[in-house]
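Written below as structure tokens is the structure these notes are about.
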Amino acid sequence: MSRIGKNPITLPAGVTVSIEGTTSVVKGPKGEHRQHIPAGLGFEQKDGKLIVTRPDDSKTMRARHGLVRALIANQVTGVTDGFKKSLEIVGVGYRAAVKGQALDLQLQFSHPLEYPIPADIKIICPDQTHIEVSGMDKQRVGQVASEIRAFRKPEPYKGKGIRYVGEDIIRKAGKAAGK
């Protein structure tokens, strides 16, 4: 049996889960989150826990079992605590600021970059070299953080660019080291 799929999902107080066909709807303190889930699995709620069950041990059902459990667990976490990704900007003259509904990035291009902030995502800049992306949907938060990082990925010689906080950049030696 799936190690992830067989674990029950603990539902905190104030969180409700309902399955409507192939859509799971989770409501909590931060709002409501809808997620498409594959069909064919069973769900039962008891004692403040949700248990995902599968009808048989076919390969597709075993794969979906862990997937669906993880998706619903992420929904529960999203409506209670939310998800956050932190980015840092390294480089002379590189900076970021939130202006209205757009993230303004100065990354030594000939023009500033404007990234429109999606409605379901919150972006803040505590200072000019840090960006915090937060929201209810784990996938959306990761996608938006990845799109921002893609504007100027860290380069391997000096490490300049946008990186995740705590990300290790493998540095290369320059030309002088080869002599």
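The values are calculated or read from the model by the stated rules, or taken from the named source; none is laboratory data. Not measured: the values here are computed from a predicted model. Glycine gets a Cβ as well: all are built from the backbone with ideal geometry, and neighbour counts include every protein chain shown. For the accessible areas, the whole protein counts, side chains as well, though only heavy atoms, and no ligand, DNA or RNA atoms are used. Shrake-Rupley method; radii C 1.70, N 1.55, O 1.52, S 1.80 Å.
Taking the criterion of being out of contact with any strand residue (DSSP E or B) (no Cβ under 7 Å at 6 or more places or on another chain), without any contact (Cβ under 8 Å) to a residue 60 or more places away in the chain and either under 21 Å from G166 (Cβ atoms) or not aliphatic (A, V, I, L, M) (or both), the residues of segment 56-92 that qualify are D56, D57, S58, K59, T60, R64, D81.
Determine whether L67 is under 18 Å from S24 (Cβ atoms) and open to solvent by 80 Å² or more (accessible area, probe 1.4 Å). When the stated conditions are applied, L67 passes them. Are there any pairs, at least 6 apart or on different chains, whose C-beta atoms fall under 8 Å, with the first in segment 155-174 and more than 18 Å from C125 (Cβ to Cβ) and the second among the basic types (K, R) and in a loop (DSSP other than H, G, I, E, B), and if so, which? Qualifying pairs under 8 Å: P156/R171; P156/K172; Y157/R171; Y157/K172; G159/R171; K160/R152. Only residues that are surrounded by 12 or more Cβ atoms within 10 Å (Cβ to Cβ) and in a strand (DSSP E or B) were counted across segment 11-33, and they come to 11.
For every residue, the table says whether it meets (1) charged (D, E, K, R); (2) modelled with pLDDT of 95 or more; (3) surrounded by fewer than 17 Cβ atoms within 10 Å (Cβ to Cβ); (4) closer than 25 Å to A13 by Cβ.
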| residue | (1), (2), (3), (4) |
| --- | --- |
| V52 | no, no, no, yes |
| D56 | yes, no, yes, no |
| K84 | yes, yes, yes, yes |
| V92 | no, no, yes, no |
| A102 | no, yes, yes, no |
| E114 | yes, yes, yes, no |
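If the condition is being under 15 Å from T22 (Cβ atoms) and not in a strand (DSSP E or B), then segment 34-59 contributes I37, P38, A39, G40, L41.
The number of residues in segment 115-127 being more than 14 Å from the chain's Cα centre (by Cα) and closer than 22 Å to G93 by Cβ comes to 5.
Is there a residue in segment 128-142 that is more than 21 Å from the chain's Cα centre (by Cα), open to solvent by 50 Å² or more (accessible area, probe 1.4 Å) and more than 26 Å from G78 (Cα to Cα)? Spell out the reasoning first.
Just the residues of segment 128-142 that are more than 21 Å from the chain's Cα centre (by Cα), to begin with: 128.
Right, trim to open to solvent by 50 Å² or more (accessible area, probe 1.4 Å) and you get 128.
Subset that is more than 26 Å from G78 (Cα to Cα): 128.
Scanning segment 128-142 turns up at least one residue that is more than 21 Å from the chain's Cα centre (by Cα), open to solvent by 50 Å² or more (accessible area, probe 1.4 Å) and more than 26 Å from G78 (Cα to Cα).
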